[in-house]
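These notes concern the structure reproduced below.
The values are calculated or read from the model by the stated rules, or taken from the named source; none is laboratory data. Bear in mind that the values here come from a model prediction, so they are computed numbers and not experimental data. Don't worry about glycine lacking a Cβ; one is built from the backbone with ideal geometry, like all the others, and counts go over all protein chains shown.
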Amino acid sequence: MDSNLSREQRRAREKVTGQKPMVFPAPVRTEQPDVQGLNIRLEIFEGPLDLLLHLIRTQELDIYDIPIAQVTDQYLGFLEVMKDLNINIAGEFLVMAAQLILIKSRMLLPPDPSEEDDEDFIDPRAELVDRLLEYEKFKNAADLLYERETVELGVHARGWEEFADDEKEIVDVNVFDLVRAFHGIVERYKEKVVIEVDHEPATIEEKMEELRRLVALKREFYFSMFFESRISKFHIVLTFFALLELVRMEEVRLYQKGVFEDIRIKAC
Amino acid sequence: MLEIHNQILSILFASRDPVSIAELQEVFPEREATEIREAMEVLREDFNQMQAAVELRQVAGGFRITTLPEHHETIREYLKNKPSAKLTMAALETLAVVAYKQPITIPEISEIRGVKGSSTIKTLLEKKLIETRGRKKTAGRPMQYATTREFLIHFGLNDLSELPTLKELEEILSQDDDESLEPPEEDQDIDDAS
Amino acid sequence: MLEIHNQILSILFASRDPVSIAELQEVFPEREATEIREAMEVLREDFNQMQAAVELRQVAGGFRITTLPEHHETIREYLKNKPSAKLTMAALETLAVVAYKQPITIPEISEIRGVKGSSTIKTLLEKKLIETRGRKKTAGRPMQYATTREFLIHFGLNDLSELPTLKELEEILSQDDDESLEPPEEDQDIDDAS
């Protein structure tokens with residue numbers, strides 16, 4: 001236990017223990033709209049829906065009647081800035097850009113005269129509006145969770161448990177722990193095989209036995225895994241022959257997507 | 001004869017996890033459930049009146065003694081521990097979607113958030129805030145996810161119904177100010193002060 | 001202003017170790033040692049008078065809230081009943097191998113895990129998470145093991161097909177770490193690991 005905290009450490013701690021949310025996008029959002037300058041921190045947007053909502057809400061636009069031309073221009077302008085700043089633009093932002101342009105162009109089309117009245121008219125923006133409204137609800141729920149978390153992190157349970165279980169015992173396990181444990185074993189086994197291949201003289205029969213076990217464990221793996229560690233050409237050839245032998249005996253099947261693709265090994 | 005109040009209190013003190021009425025019934029099979037519930041209620045009132053350091057709260061379907069939030073800094077100063085890592089907005093958004101739409105698949109989450117990538121899923125699984133919950137009966141039988149008991153504890157919820165409904169969330173939005181998220185007690189304080 | 005009594009009480013409650021006066025002095029540098037000692041004495045009397053479940057005891061190195069010995073049987077009873085699948089890493093691994101490779105013999109489990117020893121099998125049998133499932137038709141006819149109905153119930157599975165596949169796990173694990181956790185501010189400065 002360190003009882004000698006530096007002043008910096010104390011200050012850092014005080015800063016983080018503050019009651020009010022600090023690193024939180026919402027306050028940024030409540031500032032005056034600054035779309036012209038676009039000097040908003042880019043990382044705060046979780047995705048294109050988040051960005052669009054920001055543009056709509058900060059400018060107090062009517063979400064049921066989005067001025068699509070204006071918003072599209074701002075959205076694209078935003079992406080430009082991101083590009084200028086060499087920020088990697090996630091694919092989702094580009095997909096949304098394309099959608100916005102499409103909606104904008106549809107809005108420019110004259111209404112179909114064959115459609116008698118407004119009732120059949122489907123606003124090209126309708127689907128987007130629905131998505132935005134749906135997303136906004138969860139965004140709001142996330143804000144709520146944030147506030148709850150801030151409070152709960154300041155609440156402490158009993159620090160010491162009488163009659164506590166063995167230290168060895170780990171916490172309650174769930175399905176995720178189970179599959180991860182199995183994954184860990186398989187990875188460990190893979191390493192073992194590679195190391196054995198590396199150091200021990202082997203016969204084709206031994207190699208086949210190893211491969212059988214690996215296939216039983218993993219159902220499917222790539223031939224390239226045998227190149228993952230330092231390994232002699234002799235052993236690669238040996239492994240390859242063992243594989244061919246297993247194929248011949250119809251114990252495994254080999255797949256290859258393309259000529260230069262990795263060979264996949266699967267149980268029959 | 002030991003009083004049941006004190007016995008329950010000792011269990012509450014000895015346990016880190018929330019203690020449910022059902023669990024207490026197993027410990028006291030000769031007692032009626034109502035008796036246990038009443039004793040718990042008495043304890044809760046006692047706590048709320050007398051103590052100013054800890055409180056008895058209902059969390060994740062059980063009862064649990066925790067320190068009051070105002071002692072946070074003092075305790076951390078003593079424990080000298082790192083401030084606990086907070087979840088990012090991306091993780092909170094994902095959690096919100098799972099909480100309201102469970103059980104739900106990863107593609108469905110991406111659809112709502114408008115963002116691909118299940119990287120937050122990994123963190124949430126590791127933190128045991130979500131877990132797998134069967135497979136969806138559609139093509140490919142994808143895994144479904146749901147929130148856990150740990151989720152309730154993390155956010156200090158007794159059960160999921162304590163979260164506002166999606167409809168209520170819309171209403172909060174239309175009010176368009178942050179104050180509406182504050183718990184009602186705060187409002188009372190403000191009233192009293194004025 | 002928070003009262004020092006309550007602040008100390010919150011520390012006593014949240015602390016893993018006995019709390020010494022010297023440690024408290026570090027937390028409250030503006031207070032006199034005698035003041036802290038007095039507050040502790042007041043707390044102790046309060047506890048001894050009011051509470052009949054816990055007491056404030058002076059143990060090696062400091063003060064600690066403990067439950068009264070007369071309640072220990074009750075607490076043990078509670079802890080015993082509490083359903084939990086707390087497993088050691090070794091037991092978890094064995095269970096994972098059985099779950100994914102059942103029915104399977106003990107030598108096969110050892111082979112896959114690369115570890116000998118069947119004590120974990122016994123634990124899992126006792127916890128009713130696995131059971132015997134006939135004998136393998138090979139030399140020596142070794143006993144085979146498989147997961148139980150309790151296993152399914154405990155893990156919230158309807159059937160074994162609801163277990164995630166290795167491929168599904170790899171998809172989740174292969175996602176880039178997205179910093180789903182907000183790094184605590186100035187984390188590097190605080191490398192205290194307690």
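So here's what we get for this one:
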item: Selection within region C:152-174 - more than 10 Å from chain A (Cβ to nearest Cβ) and in contact (Cβ under 8 Å) with a residue 12 or more places away in the chain; result: C:160
item: All positions within region B:111-162 that are among the acidic types (Asp, Glu), surrounded by fewer than 20 Cβ atoms within 10 Å (Cβ to Cβ) and under 18 Å from residue C:154 (Cβ atoms); result: B:150
item: Residue match in region B:20-41 (condition: buried (at least 21 other Cβ atoms within 10 Å of the Cβ), without any contact (Cβ under 8 Å) to a residue 24 or more places away in the chain and within 13 Å of chain A (Cβ to nearest Cβ)); result: no
item: Condition met for residue A:103 (of a type in the set (A, V, I, L, M, F, W, C) and assigned to a loop (DSSP other than H, G, I, E, B)); result: no
item: Residue match in region C:77-88 (condition: modelled with pLDDT of 85 or more, aliphatic (A, V, I, L, M) and surrounded by 14 or more Cβ atoms within 10 Å (Cβ to Cβ)); result: no
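So that you can scan it fast, the table gives a plain yes or no per residue for (1) closer than 12 Å to residue C:103 by Cβ; (2) in contact (Cβ under 8 Å) with a residue 40 or more places away in the chain:
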{"position": "C:119", "(1), (2)": "no, no"}
{"position": "C:125", "(1), (2)": "no, no"}
{"position": "C:132", "(1), (2)": "yes, no"}
{"position": "C:135", "(1), (2)": "yes, no"}
{"position": "C:138", "(1), (2)": "no, no"}
{"position": "C:142", "(1), (2)": "yes, no"}
{"position": "C:145", "(1), (2)": "yes, yes"}
{"position": "C:149", "(1), (2)": "no, no"}
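Per-residue answers, yes or no, for (1) within 14 Å of chain C (Cβ to nearest Cβ); (2) over 30 Å from residue B:123 (Cα atoms); (3) touching a Ser or Thr at 6+ places or on another chain (Cβ under 6 Å); (4) at pLDDT below 80:
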{"position": "A:187", "(1), (2), (3), (4)": "yes, no, no, no"}
{"position": "A:191", "(1), (2), (3), (4)": "yes, no, no, yes"}
{"position": "A:202", "(1), (2), (3), (4)": "no, yes, no, yes"}
{"position": "A:211", "(1), (2), (3), (4)": "no, yes, no, no"}
{"position": "A:228", "(1), (2), (3), (4)": "no, no, no, yes"}
{"position": "A:241", "(1), (2), (3), (4)": "no, yes, no, no"}
{"position": "A:251", "(1), (2), (3), (4)": "no, yes, no, no"}
{"position": "A:255", "(1), (2), (3), (4)": "no, yes, no, yes"}
